[in-house]
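In what follows, a single structure is set out as C-alpha cells and then discussed.
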Amino acid sequence: MQYLFIAQLLIMIVGPLVKMVLRILGFGFVTYFGFNLIIGQAQSYVFARMGEAGPIIQQILGLAKFDVVINIFFAAIATRFILAGIDKATDRKRNQVWRKPGGTSIDA
C-alpha cells in the first residue's frame, strides 16, 4: 500500500515537470528550424539573384568576395537574434553605456 502512495506522489510531481520540459523543447525546436529555414531561404534568394547578373558583374562580385560578405551578414543577424533571445529568456536588459552629459557623468 505504501508503494502505491509513492508511485502516485512521483506521478504527481514528475508528470507536470515532464510536460513542461517537452513543451519548452518543442517550442525551441520549432523556433530553431523555423529561423534556419528563413535565413536559408534569404541566402538562397540573394545567391540566386547574384547568379542572374551578367558575367562581368559576377566576376567583380567574386573578386570582392561578395558571397563571404553575405554569409557574414546573415551570421550577424542570427547572432543578434540569439543574443536577444538569451537576454529575453534571462529577463535581463543591457546596461546603457552612453549617458547624457550632465548629472552623474563627467563633463569633458
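Points worth noting:
- Single match in 53, 42 (criterion: closer than 16 Å to residue 70 by Cβ, without any contact (Cβ under 8 Å) to a residue 60 or more places away in the chain and not in a helix (DSSP H, G or I)): 53
Here is a yes/no grid of residues against (1) surrounded by 10 or more Cβ atoms within 10 Å (Cβ to Cβ); (2) among the aromatic types (Phe, Trp, Tyr); (3) modelled with pLDDT under 85; (4) at negative phi:
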residue: 42; (1), (2), (3), (4): yes, no, no, yes
residue: 61; (1), (2), (3), (4): yes, no, no, yes
residue: 65; (1), (2), (3), (4): yes, no, no, no
residue: 71; (1), (2), (3), (4): yes, no, no, yes
residue: 86; (1), (2), (3), (4): yes, no, yes, yes
residue: 90; (1), (2), (3), (4): no, no, yes, yes
residue: 93; (1), (2), (3), (4): no, no, yes, yes
residue: 100; (1), (2), (3), (4): no, no, yes, yes
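The values are calculated or read from the model by the stated rules, or taken from the named source; none is laboratory data. Fair warning: this is a prediction, and the values are worked out from it, not measured in the lab. Glycine gets a Cβ as well: all are built from the backbone with ideal geometry, and neighbour counts include every protein chain shown.
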